[in-house]
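Here's the structure we're looking at; comments come further down.
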Amino acid sequence: MMCGKFVCGMVTGLAVGAAAGMALTVNKRDVRRAAHRAIKSVNGAVNDAMDNIANVVDNFTQMMGK
């Protein structure tokens, strides 16, 4: 009797796990799109940081030259 409950529980767990796995499957295109967006945002942040650093250096050189 206990072996039957165990097997029933295992089968139920496997079925629920398989259904959840199919429901949560991510499309490769969505992953690529998300990665592309992340790269673009990081690229923008790096460009902004470099512009700010260049402005600081320019201001510093102007202050030292005066």
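The values are calculated or read from the model by the stated rules, or taken from the named source; none is laboratory data. None of these values were measured; they are calculated from a predicted model. Cβ: placed from backbone, ideal geometry, glycine included. Neighbour counts: every protein chain shown. Surface accessibility is based on the protein's heavy atoms, side chains included, excluding ligands, DNA and RNA. Shrake-Rupley method; radii C 1.70, N 1.55, O 1.52, S 1.80 Å.
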Selection status of residue 16, open to solvent by 90 Å² or more (accessible area, probe 1.4 Å), part of a loop (DSSP other than H, G, I, E, B) and out of contact with any Phe, Trp or Tyr (no Cβ under 7 Å at 6 or more places or on another chain):
no
Here are some residues: 4, 9. Which one is small (Gly, Ala, Ser), surrounded by fewer than 10 Cβ atoms within 10 Å (Cβ to Cβ) and in a helix (DSSP H, G or I)?
4
Charged (D, E, K, R) and either at pLDDT below 80 or touching a Cys at 6+ places or on another chain (Cβ under 7 Å) (or both) - does that describe any residue in the range 33-52?
no
